[in-house]
Protein chains: 2
Amino acid sequence: MTTEPTTVGILAGGGPLPAKVAEAARAAGHSVFIIGFEGFAEPDVLAPWLHECVRLGAAGRMLSLLRAHGCSDLVLIGPIRRPSLRSLCPDAEGARILARLGKALFAGDDGLLAALVRILGEEGFRVRGAHEFLSHSVARPGVLGRYTPDAQALADIRHGVAVTQALGRLDIGQGCVVQNGVVLAVEAMEGTDAMLARSGLCRQPGEGGVLVKLLKPGQEKRADMPTIGPVTLRNAHAAGLRGIAFEAAHTLLTDMQACQTEADRLGLFLIAIDPATYVQPA
Amino acid sequence: MTTEPTTVGILAGGGPLPAKVAEAARAAGHSVFIIGFEGFAEPDVLAPWLHECVRLGAAGRMLSLLRAHGCSDLVLIGPIRRPSLRSLCPDAEGARILARLGKALFAGDDGLLAALVRILGEEGFRVRGAHEFLSHSVARPGVLGRYTPDAQALADIRHGVAVTQALGRLDIGQGCVVQNGVVLAVEAMEGTDAMLARSGLCRQPGEGGVLVKLLKPGQEKRADMPTIGPVTLRNAHAAGLRGIAFEAAHTLLTDMQACQTEADRLGLFLIAIDPATYVQPA
């Protein structure tokens, strides 16, 4: 990035990535202010940084905090579960934003997140993708670590790409598990880790399967990029898989070195792919 | 059916349907012989009928039993899990059939079942669909029971039809759960009941969702028709759903009266649809 030094506001869900974005922003010469979503952001992760914790529904408080700290750029990072409207308890500004979200509240995740990004833009913020800051956490096509997929695994990756893209076009999910041509499990709302646990139960005899995880076609990259961490590798291994294929340039690795070490330790391949080169043979 | 009286061989997996097919075949003037797959067929269900229990891999024994009993027509009915090749222990004929299945063993379920039906045909049997015998267990389009889907539920059904047909074209699964436009869960290998349990955990606030279950496009109807029973209704209710939409003329109800009674008792709608009339509005 070649932007002027500014203050980056980080809207933080769970996991370690909010702090990684903060580190990267500071290294690039920016100031940082973090808003942690109560119940999702991890206090230990935010502790070293200037931050406030705010209920998800308190949009008015968020906007005034972001403005009080002079944030011009925003990054949304870290998982939050789709909130229950009942539990949201919006403040006055929150209620106005809910009204502006309107039908998008009842669309798939993409529709909802894209609408949120649009509204934050209308409020005068530049919404940036976490990948713009974490460029070192985004892999180019190629194998990470010691293990590479064999012909069967490559065929499963191709099949998984076709399946995941079909799912993604319907705004359903970002991943699936394929073993020897059979789709064991498909991800919807439950998330990747739950899908991996299930595919372990449906495991077929023979060589283990692969997890394929891709950005949905047309997905808003600034809100919900696919993420892979060492835990994903451990869960894939526990489910009997042989490796993970993910979309190069469009996946955040929470810790690339730790992912690679874990893949080598567990004997899994970890490959960043360009889905366009993995189309099914006709 | 207007076939001559003959002996119908029933290859029986789990659940009550093998006995229902046997009753219907006998009512139509046929003799019946059942082969129960060990570990899947339920002894109590088979007990009143002339039957033998055979390992799934013992294809030679199955074929000679079917011929010894003069079976000319076959019906495959009742769920079996996709077997582990290791656990199959094929007999000599079983090994020959495995070789003939060849690549289909590693295709999706449709490919495998279609290949099995083809091989049984090549062996001189007429393979019939269970729905040919159980015509009273297959609903025409319309609502069963007291409850009908409202506008939101109808919109969710339309979305679920689009999703399920896309999945079906990829030979993945027969169903999904949609709530207020959001796809909560998608069925692959784990089966409908596991998907329902999961969608209960992913449930969103607001009106409950719907289960949509359809035949896959191009699916071999003689081997794996979608099935709904009272248990499906109880599981859907436990997951917070408001109803079930299934494909008219292509779904077996294990007990139509019991399904309707259970739907009324639980306050669920149960609707048989023609998917062609439930396409998404453009």
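The values are calculated or read from the model by the stated rules, or taken from the named source; none is laboratory data. If you're wondering where the values come from, they're calculated on a predicted model, not measured in any experiment. FYI the Cβ positions are ideal-geometry reconstructions off the backbone, even for glycines, and counts take in every protein chain you see. Areas reflect the complete protein model, heavy atoms only, side chains present, ligands, DNA and RNA absent. Shrake-Rupley method; radii C 1.70, N 1.55, O 1.52, S 1.80 Å.
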**OP:** Under 12 Å from the Cβ of B:E247, count the other residues' Cβ atoms, weight Lys and Arg +1, Asp and Glu -1, and hand me the total.
**Re:** +3
Original post:
Between A:I80 and B:L98, what is the FRET efficiency for a Förster distance of 45 Å, r being their Cβ-Cβ separation, to the nearest 0.05?
Top reply: 0.40
Subject >> Charge sum, other residues only, whose C-beta stays under 13 Å from B:L74's C-beta, Lys/Arg counted +1 and Asp/Glu -1 >> reply: +1
**OP:** Check every DSSP H run in chain B and write down those whose alpha carbon atoms cover 24 angstrom or more along the long axis and whose mean Kyte-Doolittle hydropathy is 1.0 or greater.
**Re:** none
Subject >> Pairs from A:K20/A:K213; A:K221/B:K216; B:K20/B:K221; A:K216/B:K216 whose Cα-Cα separation, in the structure shown, is over 28 Å >> reply: A:K221/B:K216
Original post:
For the pair A:R26 and B:L201, what calculated FRET efficiency results from E = 1/(1 + (r/R0)^6), where r is the Cβ-Cβ distance and R0 = 56 Å, to the nearest 0.05?
Top reply: 0.90
Original post:
Non-local amide H neighbours of B:E247 (under 5 Å, H modeled in plane, Pro and chain starts lacking H): which ones?
Top reply: B:K213, B:L215, B:I273
**OP:** Find how many whole Å separate the alpha carbon centroid of segment B:14-72 from the alpha carbon centroid of segment B:115-142.
**Re:** 15
Original post:
Each residue of segment A:271-276 in turn: what ³J(HN,Hα) in whole Hz from Karplus with 6.51, -1.76, 1.60 and θ = phi - 60°, glycine and Pro shown as x?
Top reply: 10, 8, 10, 9, x, 4
Original post:
Per residue of B:156-166, what is the mean number of Cβ atoms on other protein chains within 10 angstrom of that residue's Cβ?
Top reply: 1
**OP:** Output, in nm with one decimal and in ascending order, the distances from the B:R100 label point to the matching label points of the other copies (7 Å from Cα along Cα-to-Cβ).
**Re:** 6.7
Original post:
What distance in nm separates the simple spin-label points at A:E123 and B:R61, each placed 7 Å from Cα in the Cβ direction?
Top reply: 6.9
**OP:** Would you work out the relative contact order for chain A, in percent, from Cα pairs under 8 angstrom that are 6 or more residues apart?
**Re:** 17
**OP:** In nm, give the distance between the simple-model label positions of A:D274 and A:E42, each being 7 Å from the Cα along the Cα-to-Cβ direction.
**Re:** 3.4
Original post:
What are the distances, in nm and sorted shortest first, from the label point of B:A151 to the label points of the same position in each other copy, with each label point placed 7 Å from Cα along the Cα-to-Cβ direction?
Top reply: 5.8
**OP:** Express in Å², to the nearest 10, the accessible area of B:Y278 obtained by rolling a 1.4 Å probe over the protein heavy atoms while all chains stay in place.
**Re:** 40
Original post:
At B:V231, label 7 Å along Cα→Cβ: distances to the other copies, nm, ascending?
Top reply: 3.3
Original post:
Accessible area per residue of chain B at 1.4 Å probe, in Å²?
Top reply: 41
Original post:
What's the center-to-center distance, using Cα atoms, between segment A:197-245 and segment B:217-270 in Å?
Top reply: 31
Subject >> Approximate spin-label separation B:R140-A:C53, in nm, with each point projected 7 Å along Cα-to-Cβ >> reply: 6.2
Original post:
Given only helices, namely DSSP H runs of n ≥ 4 each adding -39500 (n - 2.57), what is the per-residue ellipticity at 222 nm of chain A, to the nearest 500 deg cm²/dmol?
Top reply: -11000 deg cm²/dmol
Original post:
Taking both sides together, what accessible area is buried at the B/A interface, probe 1.4 Å, expressed in Å² and rounded to the nearest 100?
Top reply: 2200
**OP:** Round to the nearest 0.05 the FRET efficiency obtained for A:D264 and A:V231 when R0 = 22 Å and r is the Cβ-Cβ distance.
**Re:** 0.85
